[in-house]
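The values are calculated or read from the model by the stated rules, or taken from the named source; none is laboratory data. From a predicted model like this one, the values you see are computed outputs, not experimental measurements. With ideal geometry, Cβ positions are generated from the backbone for all residues, glycine too; neighbour counts draw on all protein chains shown. To get the accessible areas, we keep the full protein, side chains included, count just its heavy atoms, and leave off ligands, DNA and RNA. Shrake-Rupley method; radii C 1.70, N 1.55, O 1.52, S 1.80 Å.
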Amino acid sequence: MMNFTKMHGLGNDFIVIAGERELPVNVAELAVNKCNRYFGIGADGLVFILPSDVADFRMRIINSDGSEAEQCGNAIRCAAKYIYDNGLTDKDELTIETIGAGAQAVQLQVSDGKVRQVRVDMGEPILNGLQVPTTVDAERVVEHPIEVDGREFRFTAVSMGNPHCVIYVDDAANFDLATWGPKLETHPMFPRKINVEFATVTSRQHAEMRVWERGAGPTLACGTGACATVVSTVLSGLTDRTAVVTLKGGDLTIEWNEADNHVYMTGPAAEVFRGEW
């Protein structure tokens, strides 16, 4: 018997599991079965909260297709809320280890004994084209051309511990995500596939974004994608270093701090229900 908690960060939803010491041997199969929205619990991925030798806790994320994600901004907020709300810590500042971005510092905004907002130090963005990774050998890949099925886009490449390409469009909210997202995700220019953000900048402090997530498809929100979007808009001179990113599931506040070069993400997380399988 395994206990789980269904949680979400702005609609990007996860099955959160704590109490294990390592991932189950059949974790990929578990993810595919349990994340199925018709025959399982339904989620964008499994999140395991595990012991860590270098941080307060360790987080592993298995996407709904069974692949593992290096990092996920919405998942880390859910994990932080679960840890505090369930009495695994009484600290309002802690560190959570990820496989793609190392140990990340988390600040909890608590009221009435529950976490309401989570601020995460997402670390420094990786901008080198080969390190993101892309096949473009450049220190920064900003608005670089890419062709898909005869249509040219221009993307900015950013890694937040996982790879992203940000593409500016006239109307992100109504963009044809289902057609272009999977084609860009698997484009040969991205050797480990990629998360694709379609963004529309509306002011110096605001952008709208829709995301096609590698291994999960369209999701209502992507925390690392929101971070990558603001890094991209700053590099293109379109926004200030602090901006609100509106996703289908709600808003995240993103700051790319000039002093330490770190990106900070602030947003909510919520519990939906609990169960066991």
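Just a few scattered comments:
- Scan of the stretch 84-113 for residues that are within 18 Å of ASN74 (Cβ to Cβ), in a strand (DSSP E or B) and of a type in the set (Gly, Ala, Ser), ordered by number: ALA105
- Within the stretch 148-163, considering residues that are out of contact with any His (no Cβ under 9 Å at 6 or more places or on another chain) and assigned to a strand (DSSP E or B), the one nearest to GLU124 (Cα to Cα): SER159
- Yes/no for VAL106 being in contact (Cβ under 8 Å) with a residue 24 or more places away in the chain and crowded, with 23+ Cβ neighbours inside 10 Å: yes
- The residue of the stretch 215-249 that is nearest to HIS262 (Cα to Cα), among those that are within 10 Å of the chain's Cα centre (by Cα) and assigned to a helix (DSSP H, G or I), is CYS227.
- The lone criterion from (1) over 27 Å from GLN117 (Cβ atoms); (2) among the polar types (S, T, N, Q); (3) touching a residue at least 60 places away in the same chain (Cβ under 8 Å); (4) out of contact with any helix residue (DSSP H, G or I) (no Cβ under 8 Å at 6 or more places or on another chain) left unmet by THR156 is number (4).
- Filter pass, ILE41 being out of contact with any Lys or Arg (no Cβ under 6 Å at 6 or more places or on another chain), at pLDDT 95 or above and either part of a strand (DSSP E or B) or over 21 Å from ALA228 (Cα atoms) (or both): no
- Screening the stretch 15-38 for residues that are in contact with a Ser or Thr (Cβ under 8 Å, 6 or more places away or on another chain) and assigned to a helix (DSSP H, G or I) and picking the one that is most open to solvent (accessible area, probe 1.4 Å) gives VAL32.
- Identity of the residue in the stretch 119-144, part of a strand (DSSP E or B) and either among the aliphatic types (A, V, I, L, M) or closer than 30 Å to ILE83 by Cα (or both), that ends up least open to solvent (accessible area, probe 1.4 Å): VAL120
Table: residues versus (1) out of contact with any Phe, Trp or Tyr (no Cβ under 7 Å at 6 or more places or on another chain); (2) over 15 Å from THR95 (Cα atoms); (3) in contact (Cβ under 8 Å) with a residue 60 or more places away in the chain.
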position: MET1; (1), (2), (3): yes, yes, yes
position: LYS6; (1), (2), (3): no, yes, yes
position: LEU10; (1), (2), (3): yes, yes, yes
position: ILE15; (1), (2), (3): no, yes, no
position: VAL25; (1), (2), (3): yes, yes, no
position: GLU29; (1), (2), (3): yes, yes, no
position: ALA55; (1), (2), (3): yes, no, no
position: ARG77; (1), (2), (3): yes, no, yes
position: LYS81; (1), (2), (3): yes, no, yes
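- Condition met for VAL166 (of a type outside the set (D, E, K, R), in contact with a Leu (Cβ under 6 Å, 6 or more places away or on another chain) and outside any loop (DSSP other than H, G, I, E, B)): no
- Within the stretch 223-266, considering residues that are at positive phi and touching a residue at least 12 places away in the same chain (Cβ under 8 Å), the one surrounded by the fewest Cβ atoms within 10 Å (Cβ to Cβ): ASN261
- ARG116 vs. criteria open to solvent by 20 Å² or more (accessible area, probe 1.4 Å), over 13 Å from GLY225 (Cβ atoms) and in a strand (DSSP E or B): yes
- Index of the failed condition, TRP212 passing every other in (1) assigned to a strand (DSSP E or B); (2) hydrophobic (A, V, I, L, M, F, W, C); (3) open to solvent by less than 10 Å² (accessible area, probe 1.4 Å): (3)
- Only listed residue being under 19 Å from HIS144 (Cβ atoms) and either polar (S, T, N, Q) or open to solvent by 20 Å² or more (accessible area, probe 1.4 Å) (or both), chosen from PRO188, PRO218: PRO188
- Residue satisfying condition, being within 16 Å of MET122 (Cβ to Cβ) and among the aliphatic types (A, V, I, L, M), within set ALA270, ALA259, ALA207: ALA259
- Some residue of the stretch 210-222 being basic (Lys, Arg), at pLDDT 95 or above, over 18 Å from MET122 (Cβ atoms) and touching a helix residue (DSSP H, G or I) at 6+ places or on another chain (Cβ under 9 Å): yes
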